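One structure is given here, and the rest of the page talks about it.
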Amino acid sequence: MFSAFERMVSMRYLRARRQEGFISVIAGFSLLGIALGVATLIIVMAVMNGFRQELMGRILGLNGHMGVYSTAGAMIEFDPLAERLRQVPDVVTVTPTVEGQVMATANDVAFGALVRGVRPADFARRDILYSNIKRGDIAQFRGKSAVVLGNRLAQRLRLAIGDKITLISPKGNVTAFGTVPRLRSFTVVATFEIGMYEYDNSFIYMPLEAAQRFFQLPGAVSMLEMVLQRPELVTQVREEIAPLLGGGARIIDWRQSNASFFNALQVERNVMFLILTLIILVAAFNIISSLIMLVKDKGRDIAILRTMGATRGMITRIFFLSGASVGAIGTILGFIIGVTFCLNIEAIRQWLEGLTGFELWSAEIRFLSQIPAEMDPVEVAAVVLMGLGLSFAATIYPSWRAARLDPVEAIRYE
C-alpha cells in the first residue's frame with residue numbers, strides 16, 4: 001500500500017530538525033495523549049467490569065437469586081414447598097431462612113447487625129461462606145447457642161472464638177410491666193470474610209432452630225432463598241414456579257432488590273467511557289494541528305517532490321503515514337500500559353500506599369477490600385480500534401491539504 005520511498009519520507013518528517021523542534025514536541029504530546037487515553041480507558045473499563053462482577057458474585061452468592069416470601073408474614077409448612085421448588089429445572093438450591101435485624105453487643109460495644117438462620121447443611125453448601133471461614137471451626141455450627149459472624153464485625157466488637165455475643169431483638173416480650181427487649185447470649189464459633197465490607201461488618205449466621213426460637217417463629221421461616229444456574233434465568237424460573245406458589249406468596253429477585261445499585265454502576269460506567277474518550281479525541285486534534293504545521297513548514301519540500309514527479313496520492317500517503325504512525329504507536333503503547341496495569345493493579349495499589357502512606361482504597365467506602373479488574377477482550381479491542389480510528393481520521397484533512405498545495409505558489413513564497 002505504501003512504497004518504500006513514501007515510508008522513508010514520512011519517517012524523515014517525524015524526525016524533526018532543530019528549526020522544526022516545536023512540531024516534533026506537538027507530535028510527541030499527541031502520541032503521549034493517545035497512549036494515556038487508551039491506557040486509562042482500558043483500565044477504567046476493566047475496573048468497572050470487575051466491580052460489577054465482584055459485587056454481583058458476592059451479593060448473589062450470599063443472598064441468592066430469588067426469594068419467596070409469604071404474603072401473610074411468616075411462612076409455615078415451608079419444607080414441602082421447598083422440595084417442590086427444588087424439582088424445578090435450573091434451580092440449584094432452596095434454603096429455608098429466618099432473617100431479622102438485631103443489636104449486637106459485646107465488651108461494652110454495640111452495632112446493628114442482620115441475623116440469618118439457616119440449617120448447618122445449607123450453610124455448608126453456600127460456597128462463598130464455607131470457603132471463606134477466617135477463624136474457628138464450622139463443624140461447631142450447630143445447637144441453640146452457636147453463631148458465625150463477619151470478621152470485621154468480630155474485630156469491632158473485640159470478639160475471639162469462644163467469646164459470648166449478646167443479641168437484642170427489636171421485637172420485645174410483652175409483660176405486665178410493658179414490653180421488655182428480648183436478648184440472648186450466643187457463642188462465636190467461627191468468623192468469615194468474603195471481601196465485601198457491608199457483609200463482613202454486619203452479617204451473623206445461626207442455626208435455623210436457634211433463629212426460630214430467638215425471633216419467636218416456631219416451625220416457620222421468613223423466606224425461601226433460591227439459587228439458580230445463572231442469574232439471567234430469574235424471569236424464566238419465576239414463570240415456572242408461579243403455579244406452585246398460588247396466591248399466598250410473592251417473589252423478589254435480585255434485579256428488584258439491587259436494581260438501583262446495578263443501574264447506577266452501569267450509568268457511571270457509560271459516563272466514564274464518554275469522558276475518557278475525550279482524552280483520545282483531544283490527542284487526535286493535536287495530531288491535526290501538528291500535521292497542519294508540518295505541511296506549512298514542508299511547503300517547499302512538497303513543491304520539489306511534485307516537480308520531481310510525485311503525485312498527489314503520494315503526497316497524501318506520506319503525510320497520512322506520518323500522522324497515522326503517531327496514532328498507531330500511541331495506541332499500541334497505551335494498550336501495553338493498560339493491560340500491564342490491569343494485570344498488576346492490586347500490587348501497584350499496595351506499592352503506592354506503602355510509598356505515600358495514604359490509604360488509596362477504603363473498603364468502607366468502596367464495599368470491596370481489593371481493587372477488581374476484569375478485562376473484556378471485546379471492549380479492549382473496541383478501545384484500540386477507536387484509538388486507531390480517531391488517529392487515522394485526524395490525518396485525512398492535513399494530508400489532503402498537503403496534496404492540494406500548488407508547487408509554484410509554494411516555491412514562489414519561499
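Bear in mind these aren't lab numbers, they're just calculated from the coordinates by the rules spelled out. A quick note: this is a predicted structure, and the numbers were derived from the prediction, not measured. Cβ: placed from backbone, ideal geometry, glycine included. Neighbour counts: every protein chain shown.
The table that follows gives values for the structure above.
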read-out	value
Tensor-based shape of region 42-119 (alpha-carbon gyration tensor, a/c under 1.5 rounded, otherwise prolate or oblate)	oblate
Local electrostatic count at P243 - Lys and Arg +1, Asp and Glu -1, tallied over other residues with Cβ under 15 Å	+1
Relative contact order %, region 43-176, counting alpha carbon pairs below 8 Å whose residues are six or more apart	23
Residues F261, F392 arranged by fewest to most Cβ contacts within 10 Å	F261, F392
Total formal charge among the other residues, if their Cβ is under 11 angstrom from that of F192, Lys/Arg +1 and Asp/Glu -1	+2
T93-T166 FRET efficiency (beta carbon distance; Förster radius 30 Å; 0.05 resolution)	0.45
Distant alpha-carbon pairs in region 78-202 (separation over 23 angstrom), percent	38
Calculated FRET efficiency for the pair N270/E239, C-beta based, R₀ 45 Å, to 0.05	0.90
Other-chain or far-sequence residues with amide H under 5 Å of G117's (modelled H)	V98, E99, M206
Charge-dipole axis of region 119-216 as Lys and Arg at +1 and Asp and Glu at -1 on Cβ define it, positive-most pick from P207, G136, S169	S169
Charge context of Q256, other residues only, Cβ under 11 angstrom, K/R +1, D/E -1	+2
Least to most buried among M103, M48 (fewest other Cβ within 10 Å first)	M103, M48
Cα→Cβ-extended label distance, 7 Å offset, between S131 and R250, nm	3.5
Rg/Rg_globular for region 169-284, with Rg_globular taken as 2.2 N^0.38 Å and Rg from C-alpha atoms	1.68
Centre separation in Å (Cα based) which lies between region 247-290 and region 208-225	40
